[in-house]
Amino acid sequence: MLIAGAGLFITCNFDKETNTVKLSRYRWFGTLGKTVFQYYLNEITDVKLERVDTSIDAYFFRVILVLESGDNLPLTPNYTSNYINGDSIVKLTKDFLELKHKDNAR
């Protein structure tokens with residue numbers, strides 16, 4: 001999965017065989033650096049569509065992984081108004097991780 005926004009690109013590699021998820025964040029195609037984070041899949045307790053209210057009566061969303069530590073890891077670099085696309089990413093990820101589906105936007 002590759003997600004891009006405003007010069008930031010995120011690749012997510014979920015691997016059940018090694019029980020890991022690796023998030024690689026690139027700025028401007030790697031010319032401004034790359035950061036890699038790795039977590040165990042069993043550390044992920046939920047996948048959510050995080051919602052932010054705006055002052056113009058609109059909502060913006062981004063997909064996050066919720067870790068058992070309580071930390072949130074954004075899978076999308078920016079908030080977007082596209083609820084349907086974000087909700088699809090949440091459902092696919094939850095299916096892969098075999099997590100239960102709930103109301104995703106919080």
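K48: which aspartates and glutamates have alpha carbons under 15 Å from its alpha carbon, excluding same-chain residues fewer than 8 sequence positions away? Within the straight-line cut-off, K48 pairs with E68, D71, D87, D95, E98, D103. Charge tally for F9 (other residues, Cβ to Cβ under 11 Å; Lys, Arg +1; Asp, Glu -1): +3. Classify the range 16-76 from the C-alpha gyration tensor, please: rounded if a/c falls under 1.5, else prolate or oblate depending on whether a/b exceeds b/c. It comes out oblate by the Cα gyration axes.
Our estimate of slack between S81 and S69, defined as 0.36 nm per intervening residue step minus the Cα-Cα distance, is 1.5 nm. Could you compute the FRET efficiency for T35 and D57, with r as their C-beta to C-beta distance and R0 at 30 Å, rounded to 0.05? Taking R0 as 30 Å, the efficiency between T35 and D57 is 0.25.
With a sphere of radius 12 Å drawn around the Cβ of L67, what net charge do the other residues whose Cβ falls strictly inside it have (Lys, Arg +1; Asp, Glu -1)? Cβ neighbours under 12 Å give a net charge of -3.
Since every read-out is calculated from the coordinates, none of them should be taken as a lab result. All values derive from a computational prediction rather than experimental measurement. Reconstructed Cβ throughout: ideal geometry from the backbone, glycine too, with neighbour counts over all protein chains shown.
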